[in-house]
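Shown next, in structure tokens, is the structure this report addresses.
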Amino acid sequence: VTAPVLPVSPEALDQAAAVIRTGGLVAIPTETVYGLAADAANGEAVARIYAAKGRPRFNPLICHVSSLEMARRIGVFSPLALRLAEAFWPGPLSLIAPRAADAPVSALASAGLPTIAVRMPDHEAALDLIRRVDRPLAAPSANLSEQLSPTTAQHVAAQLSDRLDLILDGGPCRSGVESTIIAVDGDRLVQLRPGAIARADIAGVAEQQVMSPEEGAIRAPGMMQRHYAPRAQLRLDASDVREGELFLAFGDPPRGVAPTLNLSTRGDLIEAASNLFAMLHELDARGTHIAIAPLPDEGIGEAICDRLKRAAARSAEVGV
Ligand code: TXA
Ligand code: MG
């Protein structure tokens, strides 16, 4: 099935909002590039984003908001972060801030991290849609993994039309370059990705230097160990449970094993992806040794297996 491409209109926005509310995927125009959007709070919808893009890893996603108030429900904004948000939003600045307690965002959207990326796009249709849904939208660029970022609805359709539910056509993107990503790390600013807003402009508003990742305590997105590393020891591809272990199943557990938790009793990889980080957190709180059932290394299973291998490697430098 190919997704309909609807020019932006009140009716199209209504339809898009209905798709998002029911866990579907909508390609949306922004001022930078088209985004592949879903309800950030819905873990299975977020898992579908990764599956649609064919991303081999869980890279944290940017949450798009329509107001500062919505931003503050999901992130903890220091005075410095607020100053940048007030100066550049709506606009192509993504701020990385600590995740708010009880943020209505699935753990998968921020890839299990204690931080969250937030931006308010400078695009009327995107803002209108977020207001209609009244919750943050998780959206990476609407392209297949490793392919070019889309700046028209036609680019999106060419790559993804059989993998999403609706494409909102808002014409060509004004900027065509992704947002600048700035991590607010205490009283320091680190540019994690150069983008549509110049580093010097951010430094000017902040009245302080914007560091490169090498200078900051935070490592670049490509290098930092950006995933929550459990304290517990993980044993992968487990077909039995040993003394002192908790068991994380996928589908039917091995004979005689009573699973502590199950990523998906029906063996569904999308459901498993949406449960992965939350279940690892829970098991980590409950024990020191976790045995994990094998999962198929295909489709979104590739990203799940990648994450598990990294988590099992513990502190070893795994180079995300
Ligand atoms: O202009 C844009 O930013 C576009 C439009 C659609 O808004 N979005 C976009 O998303 O470029 P994406 O997923 O292609 O890139 C987001 C990047 C991730 O690759 C990751 O490196 C970084 O943002 N990121 C997200 N959350 C992060 C976090 N908590 N810590 C560090 N980096 C994070
Ligand atoms: Mg991208």
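The values are calculated or read from the model by the stated rules, or taken from the named source; none is laboratory data. Keep in mind the model is a prediction, meaning the values are calculated, not measured. In this analysis, Cβ positions are derived from the backbone assuming ideal geometry, glycine residues included, and neighbour counts consider all displayed protein chains. With ligands, DNA and RNA removed, areas are computed over all heavy atoms of the protein, side chains included. Shrake-Rupley method; radii C 1.70, N 1.55, O 1.52, S 1.80 Å.
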Review point. Which value, in Å² rounded to 10, gives the accessible area of Leu68 with a 1.4 Å probe and all protein chains present?
Key: 50 Å²
Review point. Mind checking which helices in the chain clear 20 Å along their axis (Cα) and have mean Kyte-Doolittle hydropathy of 0.0 or more, DSSP H runs only?
Key: 269-286
Point to revise | Expected-Rg normalisation [2.2 N^0.38 Å, Cα atoms] applied to the chain | key: 1.01
Exercise for review: Counting helices only, and only those DSSP H runs with n ≥ 4, report the 222 nm mean residue ellipticity of the chain as the sum of -39,500 (n - 2.57) divided by its residues, in deg cm²/dmol to the nearest 500.
Suggested key: -9000 deg cm²/dmol
Point to revise | Surface per residue (accessible, 1.4 Å probe) for the chain, Å² | key: 42 Å²
Check your understanding: Which net charge results when you count Lys and Arg as +1 and Asp and Glu as -1 among the other residues whose beta-carbon is under 13 Å from that of Cys63?
Key -> +4
Study note, to complete from the structure: Under a 1.4 Å probe, counting only protein heavy atoms, His289 has an accessible area in Å², nearest 10, of 80 Å²
Check your understanding: Between Arg235 and Arg131, 0.36 nm times their residue separation minus their Cα-Cα distance comes to what?
Key -> 33.0 nm
Review point. With all protein chains present, how much of the accessible area of the chain (probe radius 1.4 Å) comes from carbon and sulfur, to the nearest whole percent?
Key: 50 percent
Exercise for review: Find out how many positive minus negative residues lie around Lys53, taking Lys and Arg as positive, Asp and Glu as negative, among other residues whose Cβ is under 11 Å from that of Lys53.
Suggested key: +3
Study note, to complete from the structure: Quick calc, Glu86 & Ala203: beta-carbon distance into FRET formula, R0 22 Å, rounding 0.05, result 0.85
Check your understanding: Can you give the net charge of the other residues whose Cβ lies under 13 Å from the Cβ of Ser94, counting K and R as +1 and D and E as -1?
Key -> -1
